[in-house]
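The values are calculated or read from the model by the stated rules, or taken from the named source; none is laboratory data. Because the structure is a prediction, the values reported are computed rather than measured. Cβ atoms come from the backbone with ideal geometry, glycine included; neighbour counts cover every protein chain shown. Side chains are part of the model used for accessible areas, which takes the heavy atoms of the whole protein and leaves out ligands, DNA and RNA. Shrake-Rupley method; radii C 1.70, N 1.55, O 1.52, S 1.80 Å.
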Amino acid sequence: MFSMRFRPALVVGGVGIAALVALMVYSQFDGRERHLYWLVGLLPAIPALIALLGMRVAYRGMDERERRIHDEALRNAFLWSALTFFGYGLLQVFAGFPALNFALAAAVMLCIWGVAYLIAVRRY
């Protein structure tokens, strides 16, 4: 699916995502002091930035067809996740549904992006 030229970007992105997951799991089980909550809360932003830079490197190395596929997948992911969370927001207001953590929005968007990418690859 990816050529060899994307391997460094995939490694950087993979390391960033793995570090993000490890920090999120660690923050759930660590008995840290109360004054360090803000620091632990911001630590996952560093590997997320590394993953973002890896995706940017990969995107710049793509040809026009690959960029079109990724653009279409990202556009669909944004639209479907916006529609999903807009609908859930209305359910919160009018039906009393519980509030959701905003970090869930990014996870949902990434999942939809993956599905939309697979659909776009089959189309082209």
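What to note about this one:
- Residue that is surrounded by the fewest Cβ atoms within 10 Å (Cβ to Cβ) [pool: residues in the range 62-79 that are assigned to a helix (DSSP H, G or I) and aliphatic (A, V, I, L, M)]: Leu79
- The range 80-109, residues that are open to solvent by 100 Å² or more (accessible area, probe 1.4 Å) and either among the polar types (S, T, N, Q) or under 16 Å from the mean Cα position of the chain (by Cα) (or both): Trp80, Asn101, Phe102
- Positions within the range 58-76 being over 15 Å from Tyr124 (Cα atoms) and either under 16 Å from the mean Cα position of the chain (by Cα) or basic (Lys, Arg) (or both), in sequence order: Ala58, Tyr59, Arg60, Leu74, Arg75, Asn76
- Of all residues making up the range 110-123, the number that are open to solvent by less than 60 Å² (accessible area, probe 1.4 Å) and aliphatic (A, V, I, L, M): 4
- Qualifying residue in the range 100-111 (condition: farther than 21 Å from Ile17 by Cα, in a helix (DSSP H, G or I) and β-branched (Val, Ile, Thr)): no
- Here Leu52 fits the description: modelled with pLDDT of 75 or more, closer than 20 Å to Cys111 by Cα, open to solvent by 80 Å² or more (accessible area, probe 1.4 Å) and not small (Gly, Ala, Ser).
- Residue check for Phe6: among the hydrophobic types (A, V, I, L, M, F, W, C), closer than 30 Å to Tyr124 by Cβ and either modelled with pLDDT under 75 or over 20 Å from the mean Cα position of the chain (by Cα) (or both): yes
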